[in-house]
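Reviewing the structure listed below.
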Amino acid sequence: MQTKLYYIFDPLCGWCFGFSPVIKRLEETYKDQISFETLCGGMMLGDRIKPLSEMKSYLSEAMPRLEEMTGVKFGDDYLKVLDDGSLVLDSELPSIAMLVYKSMTQKSSVQFASAIQNSLYKSGKDLNKIDTYKYLVEDFDLDWDIFKQKMEDPSYKTKTYDEFKLVGEMGIQGFPSVVLQVDDKAYLIARGYRSFGDMHAVIEEIIKKEEVK
């Protein structure tokens, strides 16, 4: 039985930031049974690119509920960036960084996705600047010069937009989403935030059902 879990997220998605502890714990729990892969959905592209100031009122209302439900905390540095409001929300460059990461290592893309989100939502870093990724890449023991070269290579932008298209063709309509594929069957097991307990229970149920066949 071939089992793979797709974690479909966007680096700018606050609920994905809240879901990060869940998906990391799931990967740790099932690392010997299930392969995990992240896919970027392209939440803020084209006409949807906007300054953080345009989202400030919505985010200020949503953040306390998100923190209460998920247990994550937005960092003071991010709160300063939110208050300033000039940061541009654009999914392109952080999604390219995700694709470049996957091209350079077999290590966990779930962990790198979380690190990118922490750099924004905890440290208030600008994900539209290539140099923002330098310390992340070095933390993951990758060669920064090669990573930067790939990020600036137009072919990786093309591949990233191909990934956005793939996510659209999968019928994904919100983030985070999780798809569990068992052989030729695909199960949408999360659309939006779900707790670890809920996720663990549904994965166990699917695995048992498929093993019986």
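The numbers here are math on the coordinates, done by the rules we state, and not lab data. All of these numbers come straight from a predicted model, not from anything done at the bench. Here the Cβ is made from the backbone with ideal geometry for all residues, glycine too, and neighbour counts use every protein chain on show.
Structure data summary
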| read-out | value |
| --- | --- |
| Residue identified as polar (S, T, N, Q) and free of Cβ contacts under 8 Å to residues at least 24 places away in the same chain among SER53, SER57 | SER57 |
| Selection from the stretch 25-66 of residues that are assigned to a helix (DSSP H, G or I) and of a type in the set (Phe, Trp, Tyr) | TYR30, TYR58 |
| Which numbered condition TYR161 fails, given (1) farther than 14 Å from MET98 by Cα; (2) out of contact with any helix residue (DSSP H, G or I) (no Cβ under 8 Å at 6 or more places or on another chain); (3) touching a residue at least 40 places away in the same chain (Cβ under 8 Å) | (1) |
| Residue match in the stretch 128-135 (condition: under 22 Å from PRO51 (Cα atoms) and crowded, with 21+ Cβ neighbours inside 10 Å) | yes |
| Tally, over the stretch 141-170, of residues that are aromatic (Phe, Trp, Tyr) and more than 21 Å from ILE8 (Cα to Cα) | 2 |
| Which numbered condition LEU142 fails, given (1) surrounded by fewer than 19 Cβ atoms within 10 Å (Cβ to Cβ); (2) in a strand (DSSP E or B); (3) aliphatic (A, V, I, L, M) | (2) |
| Which numbered condition LEU93 misses (of (1) surrounded by 18 or more Cβ atoms within 10 Å (Cβ to Cβ); (2) closer than 17 Å to ASP10 by Cβ; (3) without any contact (Cβ under 8 Å) to a residue 40 or more places away in the chain) | (3) |
| Enumeration of residues in the stretch 158-213 that are in contact with a Leu (Cβ under 8 Å, 6 or more places away or on another chain), assigned to a helix (DSSP H, G or I) and not aliphatic (A, V, I, L, M) | LYS159, THR160, GLU163, PHE164, PHE196, HIS200 |
| Unmet criterion (only one of (1) surrounded by 15 or more Cβ atoms within 10 Å (Cβ to Cβ); (2) farther than 27 Å from GLU28 by Cα) for GLU152 | (1) |
| Answer from SER103, SER114 - the residue that is within 14 Å of CYS16 (Cα to Cα), part of a helix (DSSP H, G or I) and out of contact with any strand residue (DSSP E or B) (no Cβ under 8 Å at 6 or more places or on another chain) | SER114 |
| Test: MET199 is surrounded by 13 or more Cβ atoms within 10 Å (Cβ to Cβ), under 15 Å from ILE96 (Cα atoms), touching a helix residue (DSSP H, G or I) at 6+ places or on another chain (Cβ under 7 Å) and among the aliphatic types (A, V, I, L, M) | no |
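Conditions tested, residue by residue: (1) more than 19 Å from LEU99 (Cβ to Cβ); (2) over 11 Å from the mean Cα position of the chain (by Cα); (3) in contact (Cβ under 8 Å) with a residue 12 or more places away in the chain; (4) surrounded by 14 or more Cβ atoms within 10 Å (Cβ to Cβ).
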{"site": "ASP10", "(1), (2), (3), (4)": "no, no, yes, yes"}
{"site": "GLY14", "(1), (2), (3), (4)": "yes, no, yes, yes"}
{"site": "PHE17", "(1), (2), (3), (4)": "yes, no, yes, yes"}
{"site": "CYS40", "(1), (2), (3), (4)": "no, no, yes, yes"}
{"site": "MET44", "(1), (2), (3), (4)": "no, yes, yes, yes"}
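Here is a yes/no grid of residues against (1) in contact with a Phe, Trp or Tyr (Cβ under 7 Å, 6 or more places away or on another chain); (2) surrounded by 14 or more Cβ atoms within 10 Å (Cβ to Cβ):
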position	(1), (2)
THR158	no, no
LEU166	no, yes
VAL179	yes, yes
ILE189	no, yes
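So that you can scan it fast, the table gives a plain yes or no per residue for (1) under 26 Å from ALA186 (Cβ atoms); (2) under 11 Å from the mean Cα position of the chain (by Cα); (3) crowded, with 18+ Cβ neighbours inside 10 Å:
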| position | (1), (2), (3) |
| --- | --- |
| GLU28 | yes, no, no |
| SER35 | yes, no, no |
| LYS73 | no, no, no |
| ALA97 | no, no, yes |
| SER103 | yes, no, no |
